[in-house]
Structures are given as C-alpha cells and as structure tokens.
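Following: one structure in structure tokens, then a few remarks.
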Ligand code: CP
C-alpha cells in the first residue's frame, strides 16, 4: 500500500488504512532502534529542516534522532536566533529556506493552521509537529502504536481522554485516530474545556463524571492543563482541578483489567495524574516516547518516498 500525499498535517485527513500503514511501517523501523548500530542509509542525501516556534522536548528530539537513524542531513533552526526575531514572516522564512532545496520541513507552531499554510508555500514535504490547538498527528500515531502493542483490536476498546480537551491538539488528533479505528471514545474534563456535543463524531461522547469516564476503560489518556494557552482562566483553581479531575489510584481501580494509561507529556505530576500512577505499572509514558522515534522514522520514510515517486 502507498500513501499518496506530500504532507502529514492532520489525522483527520487520513483513512483507517493510512493509519494502519503508518503503524505497520513504524513497527519495522522500531527494530532499528533495538540494534547495536542504530543507523540505516534509507534517507541518505535527503535534507530535513526542523523549525520549532514552540518549546518541545519529546517531539523535537525524537524527530532529530529519527533523521539521524535514517542518515538524513538535518538542520534545526533555533527560532530565537533566527531572523524571525527581526520580524521575518513565516512565509518569507519558509521561502528562503526552500531556496536551499530541503526535502522536508518539520514544523511546530503556536498558530493552528501554520503547518497547512507552510505546505502550500513549499514543494518539500511538511510534517506537522503540533500546530496551536489544532492537531499533533505524530503523537496520535505513537499513541495508537503504543496501545496496539498491548491490545489486539482497537475497534473493541473504550478509550477515555480526560482533561483540557479544548486546548489539546493531542486530544483532537487522538479523537480522530482512535475513532477512525472504531474505538468508543469518551471525553471528560471541566465543562469550560470540553467540545460542544453537537460537534462530536459518531463514536465519541462526553462522560458525565470521572467515574463514568474511567469505568471499564481499556485506555486512559490524561492531558495537561496548558499554562501557555491560558487554561487556568477556564478553571476556578488548581486545587479544584485536582479534586475533580485528577486520575487517582482509587479511580484507576474502576478501569478494565490491564488498562493502559497514556500521557503525551510534559506531565504536571499530582495535578492531572497522581505521581504514584505515573510510577506504577499501568502507565506507558516512556513507551510512548520510545515509539515516537519509530513513528517519526516511518513518517519521514513514507513522505519522502512520496517525493521520489512524484
Ligand atoms: N508530547 C509532546 O508534544 O511533547 P513535547 O512538547 O515535549 O514535544
């Protein structure tokens, strides 16, 4: 099967078979990271430019490691030391970098839609590494890969996403991804941070309580309160949030046996999730990070393969 698109901007634009293709490819690339010599020549001669307008630990480092493992030449632009601080626009920045003939851009931006905008300004592939509150497609793919390593059939799962849904690009991509694969997706969080019921997809619903969200859940995805997106203005206080929306050990005991707990990071320990759960045996936060490298290798391989064939 082939993926016939130049860019990876959104999970919403993928089919269920596209998602499966990305995950199956990532499974193959994961084997490389488990070898003594973690490098293959697959993208030798290709140039990838990483531009992160927002801070990142996991996404940025795993994209960079993925590029190195595939032997691509990679360049990471430090936005704070670039001509962006002199007022250069996003479009002009991309057009100038485009003149140096990169094969792909990896972009994180605080504005929703920035990755799509850039994809229209360049012939290079664009990989969305998170745009505002819109989408974070590679995070969704690594979340699905992590769940698939433990559960046979995503279509039979109850997947609960809890916290600041409104500001979360991870939630948006995960809602699309898990529901396209047939899971029953439940959302829960402060009323002010939930989507309106009328915009929900067919197999996505809003739970009435933490207990309903967590009860018999096979997968629980906890989200961070996002200080940088002013989430605190949407809730009375952090204490209130802890009291009503924190995943605690007693709530977790209501979940299905063998529940998988995910969190995209960074974690506010003991705010949205009890520290003892993070350190416990149901949480797969570091497995998510490990799988992030494989997923990003797969995404680069697939998109640059499209470039070769078109
Ligand atoms: N999950 C995630 O996007 O983390 P970073 O912001 O550290 O990249």
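Among beta bridges from DSSP that stay inside the chain, the antiparallel ones total about 5%.
What ranking, highest mean first, results for peptides 33-39, 240-246 when packing means the other Cβ atoms within 10 Å averaged over each residue? Mind showing how you got there, number by number?
Numbers: 33-39: 9.7, 240-246: 16.3.
Taking the mean over residues of other Cβ atoms within 10 Å, the ranking is 240-246, 33-39.
Shape of segment 137-288 from its Cα gyration tensor (a ≥ b ≥ c, root eigenvalues): rounded if a/c is under 1.5, otherwise prolate when a/b > b/c, or oblate? Intermediate values should be presented prior to the final figure.
Values: a/c = 1.43, a/b = 1.17, b/c = 1.22.
Because its axes are fairly even, with a/c under 1.5, segment 137-288 counts as rounded.
Seen against the Cα atoms of the chain and their longest principal axis, helix 137-148 is set at about 60 degrees. Comparing 189, 265, 280 in a Gaussian network model of the chain (Cα springs below 10 Å), the most mobile by mean-square fluctuation is 280.
For residue 254 and residue 89, compute 0.36 nm times the residue count separating them, minus their Cα-Cα distance, and round to one decimal in nm. Write out the running numbers ahead of the final one.
Numbers: separation 165, 0.36 × 165 = 59.40 nm, distance 5.02 nm.
Result: 54.4 nm gained on full extension.
Judged by the mean number of other Cβ atoms found within 10 Å, the most tightly packed of the peptides 10-17, 251-258 leads the ranking 10-17, 251-258.
Were the residues from residue 16 through residue 80 laid out at 0.36 nm apart, the gain over their Cα-Cα distance would be 19.2 nm.
Set the Förster distance to 30 Å, then compute FRET efficiency between residue 101 and residue 28 from the Cβ-Cβ distance, nearest 0.05.
Working: r = 28 Å, r/R0 = 0.95.
Calculated transfer efficiency: 0.60.
Taking a label point 7 Å from the Cα of residue 227 along the Cα→Cβ vector, which residues of segment 244-279 have an amide N closer than 12 Å to it? In segment 244-279, the label zone of residue 227 (backbone N under 12 Å from the point 7 Å along Cα→Cβ) covers 267-269. Can you list the residues of segment 46-63 with backbone N under 20 Å from a point 7 Å past the Cα of residue 111, pointing along Cα to Cβ? Hits in segment 46-63 for residue 111 at 20 Å: 50-56. Each residue, residue 150 and residue 200, gets one label point 7 Å from its Cα in the Cβ direction; the gap between the two is 2.4 nm.
Ordering 212-220, 169-177 by mean Cβ neighbour count within 10 Å, with the highest value first, yields 169-177, 212-220.
Using only alpha-carbon positions in the chain, the gyration tensor eigenvalues give semi-axes of 32, 22, 17 Å once each is multiplied by 5 and square-rooted (largest first).
Read the figures in this text as sums done on the coordinates, not as results from a lab. This is a predicted model, so every value here is computed, not measured. Don't worry about glycine lacking a Cβ; one is built from the backbone with ideal geometry, like all the others, and counts go over all protein chains shown.
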